[in-house]
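Peer 1: Sharing a structure with you now.
Nothing in this text is a laboratory measurement; each read-out follows from the coordinates by a stated rule. Here the structure is a predicted model, which means the values were calculated and not measured. Methodologically, a virtual Cβ is constructed for each residue, glycine included, from the backbone with ideal geometry; neighbour enumeration extends over all protein chains shown.
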There are 2 protein chains.
Amino acid sequence: MLYSIPMRISELGEFGLISLVQEWTRDANDSPWGSFSDAYRLTVDNGDDAAAATFLSAPVTELYTTDTMVDGIHFTAATTPWRDLGWKAIASNISDVAAMGGESAVALITLGLPPETRVSDIRDLYAGMTAICREYGARIVGGDMVRSPTAFITVALTGITKQDPMLRTSAAPGHRIAVSGPVGGSAGGLRVMLNPPGSSGAATETLIERHRRPRPHIAEGRILAAAGVRSAMDVSDGLADDLGKLCTASGVAATLWAGNIPAEPALQEVFPTDWLDLALYGGEDYVLLFTAPPATMDAAIRQLPPGAAVVGEITHGQPGTISVLNPDGSSRPRGGAGWDHFTG
Amino acid sequence: MLYSIPMRISELGEFGLISLVQEWTRDANDSPWGSFSDAYRLTVDNGDDAAAATFLSAPVTELYTTDTMVDGIHFTAATTPWRDLGWKAIASNISDVAAMGGESAVALITLGLPPETRVSDIRDLYAGMTAICREYGARIVGGDMVRSPTAFITVALTGITKQDPMLRTSAAPGHRIAVSGPVGGSAGGLRVMLNPPGSSGAATETLIERHRRPRPHIAEGRILAAAGVRSAMDVSDGLADDLGKLCTASGVAATLWAGNIPAEPALQEVFPTDWLDLALYGGEDYVLLFTAPPATMDAAIRQLPPGAAVVGEITHGQPGTISVLNPDGSSRPRGGAGWDHFTG
């Protein structure tokens, strides 16, 4: 790929940079894998929710993912208490493992901290991390703590599965598209905190809880993989944007049926006019987005807990193009902007 | 452990904070390990160079480690070009795997970058990372790139071994202490760059190369584990300080024989008066520090490449206490200070 020097990464954007990195690393990954090439085979490389390697001597595939949150960029003390930050930092990684159909296993925690950080805040951070690890059977086995003028938390997580991982690259025209639960709640909770409504109540509390304590869909992911679903990712940047990424990876387009998109009653109550935009474009819900042929989809959806819904279909077309249709068949214009880590 | 709130982490120090974190995570790790408790057993928890889990259905142990470098704290553009930064960020992790006796396998790369970062710098960074990965058979399979006012790079690496990992907790009185190669070269190289000597030449170039392109001792680690060595760590913070950590972990003390400590001719040439202090207290050499009973040690040392040397012995005494003896038997006073990530 051509690029002028000294181009800044802000001009290139996150996804342009990711493409370059994939190119830069691809060749190196073709080299022999030490004396343990008999132990592992890399089955999913850069670019999916997680990478995967299969142990040749055991019927298991291991998954690898990492996710970072930076103070002032991905969180602020005002909207995310330390305990919830710990929960969320692990949750986003567990969700990547869920999207592959696996279970979480081993976590490494890296903290960059200013020296004036309070010990009690770090205690709260670990309380949140250990709470979600207990619930999801993950283990914090190590990490690194370093001084940094900017606070950040990086979690690296392995997962494990005995089934073939679900991929972003497996969607095909004719597939139905579904989500494993309601979307928009987390974005609604963030908006409630940034612009508190006149009255608060159970509905606003529910949305704040969705933002602060997302619950990754590990059980749902295992059900889907067992039901024969081969194409999935998690919803972290918003349903429409993440579907665009899945479609780009698979070389397909998609239509979303706005009238079918599941949102919680709380979201519709607190945001009676905006709820569908929040459901379409809000992020951090950590439900699963998946596609499958109609018969597989019917069988899979029946096995999921309530809240899952078919929301559209994969089509031929310019890869990554998402059309949103209103219930009357009219086209719904784009109501929000995607998030880019470097230009956004 | 008692601590007053709001104590700052700078008052507690890195190792005080690490102790608290180990306490906070220990209980959570006793919880059941999802439905895959039949697949894994956690064999080395927090506190060693790497954590380890054994696959019950396969004769392999997997290792997990992570290490972070922050701009202005662990590196500066002046002393570490981007390409070398990439090499070093991976090298410190490979060295942790070497210290356990393993081989490196799967790497996840997280970059925190200011938007004004040049794309060409990131290209150079990846060139350094893929160069060392090729040489050591590791693979970059994924990662995360985020905006951050402070640049940082976090590498998480898995390793693999078919032997029992070497541990920091296995040193015992009567063991000989050895290093797998010369020490002090990296610190010498850093000093040369920060305070350039009047004349430069092959010796200063050698030292700069030691600082910028450390070569982890993977082959040496495998030889040691196969030779029956059970106690090892890598030298990242300096020989004397790292030996102190190993002794603390094992509940023993140690004597270092200053006259036996191997240093490169280049270090002695460029720093004729200070070379031994650099060898004792300089960091980032990434050789292995290991201990074993005399007979095991003799056999192990014979199999290592030239440069390895016995440098002392493990003793009874206040855990973590290191005495340095001059060749005439006199005690050598401490010549340097340890590095603490939060107070230092």
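Peer 1: Tally Lys/Arg at +1 and Asp/Glu at -1 over every other residue whose Cβ is under 12 Å from the Cβ of B:ARG334; what's the total?
Peer 2: Overall, the nearby charge balance is -1.
Peer 1: Starting from a label point 7 Å past Cα on the Cβ side, list the distances from B:GLY307 to the same position in the other copies, nm, shortest first.
Peer 2: Ordered by increasing distance: 5.6 nm.
Peer 1: Further question: Considering the options A:GLY159, B:MET193, B:VAL183, tell which one lies farthest towards the positive end of the dipole of the protein assembly as shown, charges being +1 on Lys and Arg and -1 on Asp and Glu at the Cβ, about the Cα centre.
Peer 2: Value computed over the given set: A:GLY159.
Peer 1: Under the Karplus relation 6.51 cos²θ - 1.76 cosθ + 1.60, θ = phi - 60°, what is the ordered set of whole-Hz ³J(HN,Hα) values for the stretch B:140-148, x standing for Gly and Pro?
Peer 2: 8, 10, x, x, 8, 10, 9, 6, 7
Peer 1: Classify the stretch B:192-242 as rounded, prolate or oblate, taking a ≥ b ≥ c as the square roots of the eigenvalues of its Cα gyration tensor: rounded when a/c is under 1.5, otherwise prolate if a/b is larger than b/c and oblate if not.
Peer 2: Note, shape of the stretch B:192-242 comes out prolate.
Peer 1: Taking the simple approach of a point 7 Å from Cα along Cα-to-Cβ for both A:ARG334 and A:SER120, what is their distance in nm?
Peer 2: That separation, rounded to one decimal, is 4.6 nm.
Peer 1: Return the inverse of the average 1/r over all pairs of distinct C-alpha atoms in the stretch A:168-325, which is the Kirkwood hydrodynamic radius, in Å to one decimal.
Peer 2: Here the Kirkwood hydrodynamic radius works out to 15.5 Å.
Peer 1: Check every DSSP H run in chain B and write down those whose alpha carbon atoms cover 27 angstrom or more along the long axis and whose mean Kyte-Doolittle hydropathy is 1.6 or greater.
Peer 2: Helices meeting the span and hydropathy rule in chain B: none at all.
Peer 1: Under 8 Å for C-alpha pairs, at least 6 residues apart: give me the relative contact order for chain B, rounded to a whole percent.
Peer 2: Averaging sequence separation for qualifying contacts and normalising by length gives 21 percent for chain B.
Peer 1: Bin all alpha-carbon pair distances of the stretch B:89-171 at 5 Å intervals from 0 and give each bin's fraction as a whole percent.
Peer 2: Whole-percent P(r) values from 0 Å outward: 3, 14, 22, 21, 15, 11, 7, 4, 2, 0.
Peer 1: Work through the residues other than B:VAL146 whose Cβ is under 10 Å from its Cβ and net out their charges, Lys, Arg +1 and Asp, Glu -1.
Peer 2: Residues near B:VAL146 contribute -2 overall.
Peer 1: Within the stretch B:258-272, which residues have the backbone N less than 18 Å from the label spot 7 Å out from B:ASN326 along Cα→beta-carbon, could you tell me?
Peer 2: Inside the label zone: B:258-261, B:272.
Peer 1: Please report B:TRP87, A:TRP82, B:TRP24 as a ranked list, fewest other C-beta atoms within 10 angstrom at the top and most at the bottom.
Peer 2: Lowest count first: B:TRP24, A:TRP82, B:TRP87.
Peer 1: Which residues in the stretch A:216-233 have a backbone N closer than 13 Å to a point placed 7 Å from the Cα of A:ALA299 along the Cα-to-Cβ line?
Peer 2: From the stretch A:216-233, the list is A:224-230.
Peer 1: Pop out the Kirkwood hydrodynamic radius of the protein assembly as shown from its pairwise C-alpha distances, inverse of mean 1/r, in Å to one decimal.
Peer 2: 26.3
Peer 1: Determine the distance separating the Cα centre of the stretch B:220-239 from the Cα centre of the stretch B:159-216; give it in Å without decimals.
Peer 2: The stretch B:220-239 and the stretch B:159-216 have Cα centres spaced 13 Å from each other.
Peer 1: Taking +1 at the Cβ of each Lys and Arg and -1 at the Cβ of each Asp and Glu, which of B:VAL146, B:THR65, B:ALA53 sits farthest along the dipole of the stretch B:38-161 towards its positive end, judged by Cα position relative to the Cα centre?
Peer 2: It is B:VAL146.
Peer 1: While we're on this one: What does the C-alpha gyration tensor say about the overall shape of chain B? Classify as rounded when a/c is under 1.5, otherwise prolate if a/b is larger than b/c, or oblate.
Peer 2: In terms of gyration-tensor shape, rounded.
Peer 1: What size of dipole, in debye to the nearest 20, comes out for chain A about its Cα centre when the only charges are +1 on Lys and Arg C-beta atoms and -1 on Asp and Glu C-beta atoms?
Peer 2: Dipole of chain A, to the nearest 20 debye: 420 debye.
Peer 1: So which lysines can A:LYS162 reach, going by Cα to Cα under 28 Å and dropping same-chain residues fewer than 8 places off?
Peer 2: Excluding near neighbours in sequence, the set is A:LYS88, A:LYS245, B:LYS162.
Peer 1: How big is the stretch B:111-260 in terms of Cα radius of gyration and Dmax, in angstroms?
Peer 2: 18.9, 56
Peer 1: Quick one: divide the alpha-carbon radius of gyration of the stretch A:247-290 by 2.2 N^0.38 Å and tell me what you get.
Peer 2: 1.34
Peer 1: Mind giving me the nanometre distance, one decimal, between the label points for B:HIS316 and B:SER200, set 7 Å out from Cα along Cα→Cβ?
Peer 2: Going by the 7 Å Cα→Cβ label model, 5.3 nm.
Peer 1: For chain A, what does the helix formula give at 222 nm: sum of -39500 (n - 2.57) over DSSP H segments with n ≥ 4, over the residue count, nearest 500 deg cm²/dmol?
Peer 2: Mean residue ellipticity, 222 nm, calculated: -11000 deg cm²/dmol.
Peer 1: Follow-up. Out of every Cα pair in the stretch A:39-161, what percent are spaced more than 24 Å from each other?
Peer 2: Value for the stretch A:39-161: 29 percent of Cα pairs lie more than 24 Å apart.
Peer 1: At A:PRO265, with labels set 7 Å past Cα in the Cβ direction, how many nm apart are the copies from this one, shortest first?
Peer 2: 8.4
Peer 1: Any idea what the B:MET7 label distances to the other copies are, label 7 Å down the Cα→Cβ vector, nm, shortest first?
Peer 2: 5.0
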